Amino acid sequence: MSDSRRIRILSADDHALLLQGIAALVNLEPDMELVAQAATGREAIEMFKEHRPDVTLMDLQMPDISGIEAIIAIRNEFPNARIIVLTTYAGDVQVIRALKAGARGYILKGRVHKELLEAIRAVHAGQKRLPPEVAGALAEHAGEDELSTRELDVLRLIAAGNANKEIAAQLSITEETVKGHVTRILSKLAANDRTHAVTIALKRGIIEI
């Protein structure tokens, strides 16, 4: 196949082994060509500008700026950029953030060997690609109230082991206000207690430790 017909791919991940694995997969395909690799979010943005790939594979967890920040930066300048997120996280909040940022596909790293090539072709053809379990999680939590910025602040401090009194002091609010936030957090996450709320939030990618 002529070079002009090949799908030109940029791969961005801070794990060298995964980059090598993707390169090995892609380079065996007659209709694909790996044109660049990046190990950080900023490098991914620079490589995109330099190579203008047809499809970009983007890790969410990067050492400098996150994959989502890199997606936003790329899409601000190149609105038609086609980006597939590769991640170890199935958390639905992470997926929503990635899709809002403009990602067209989402692949869990454990499924790269099975799903990557098909997803690249699908996204290149203008389709979106979500794994069934991720699509299921999105549907399950659709329409839920998102946590407010202050509720997220409180939840992160709970996850760090702080009691209500300590949270109140750190956020310069009253202990009663903290209790109100905790009640709403438990309700929105359908959690039984504070520990359960933190577990749910970590699993869904609402907060990170």
Subject >> Among (1) farther than 18 Å from Leu116 by Cα; (2) assigned to a loop (DSSP other than H, G, I, E, B) - the single one Ile71 does not satisfy >> reply: (2)
Original post:
Given Glu50, Glu46, Glu29, Glu69, which one is in contact with a helix residue (DSSP H, G or I) (Cβ under 7 Å, 6 or more places away or on another chain) and over 23 Å from Ile207 (Cβ atoms)?
Top reply: Glu29
**OP:** Only residues that are within 29 Å of Leu28 (Cβ to Cβ) and of a type outside the set (A, V, I, L, M): list them for the stretch 74-101, please.
**Re:** Phe78, Asn80, Arg82, Thr87, Thr88, Tyr89
Subject >> Residue identified as among the hydrophobic types (A, V, I, L, M, F, W, C), in contact (Cβ under 8 Å) with a residue 60 or more places away in the chain and in the same structural domain as Ile7 (by TED's automatic domain parsing) among Val123, Val85, Val35 >> reply: Val123
**OP:** Output the number of the condition that Val26 fails; it satisfies all remaining conditions of (1) surrounded by fewer than 17 Cβ atoms within 10 Å (Cβ to Cβ); (2) in a helix (DSSP H, G or I); (3) over 21 Å from the mean Cα position of the chain (by Cα).
**Re:** (1)
**OP:** Could you list all residues from the stretch 1-21 that are in a helix (DSSP H, G or I) and either of a type in the set (Lys, Arg) or crowded, with 21+ Cβ neighbours inside 10 Å (or both)?
**Re:** Arg5
**OP:** Looking only at the stretch 182-209, count how many residues are of a type outside the set (Val, Ile, Thr) and either outside any helix (DSSP H, G or I) or farther than 25 Å from Ile68 by Cβ (or both).
**Re:** 12
Subject >> Criterion (out of contact with any Leu (no Cβ under 9 Å at 6 or more places or on another chain) and not basic (Lys, Arg)) met by exactly one of Leu171, Leu147, Leu186, Leu155 >> reply: Leu186
**OP:** Counting only residues that are modelled with pLDDT of 85 or more, closer than 30 Å to Ala16 by Cβ and touching a helix residue (DSSP H, G or I) at 6+ places or on another chain (Cβ under 7 Å), give me the helices (runs of 4 or more DSSP H) lying completely in the stretch 82-176 with at least 1 of them.
**Re:** 92-101, 112-124
Original post:
In the stretch 34-75, which residues are modelled with pLDDT of 95 or more and acidic (Asp, Glu)?
Top reply: Glu43, Glu46, Glu50, Asp54
**OP:** Sort out which residues of the stretch 39-54 are crowded, with 16+ Cβ neighbours inside 10 Å and assigned to a loop (DSSP other than H, G, I, E, B), and write them in order of number.
**Re:** Ala39, Thr40, Pro53, Asp54
Original post:
Considering only the stretch 55-65, how many residues are surrounded by fewer than 18 Cβ atoms within 10 Å (Cβ to Cβ) and either on the phi > 0 side of the Ramachandran plot or not aliphatic (A, V, I, L, M) (or both)?
Top reply: 3
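The values are calculated or read from the model by the stated rules, or taken from the named source; none is laboratory data. What you see is a predicted model; the values in this text were computed from it and never measured. Please note: Cβ atoms are built from the backbone with ideal geometry, for glycine as well, and neighbour counts cover all protein chains shown.
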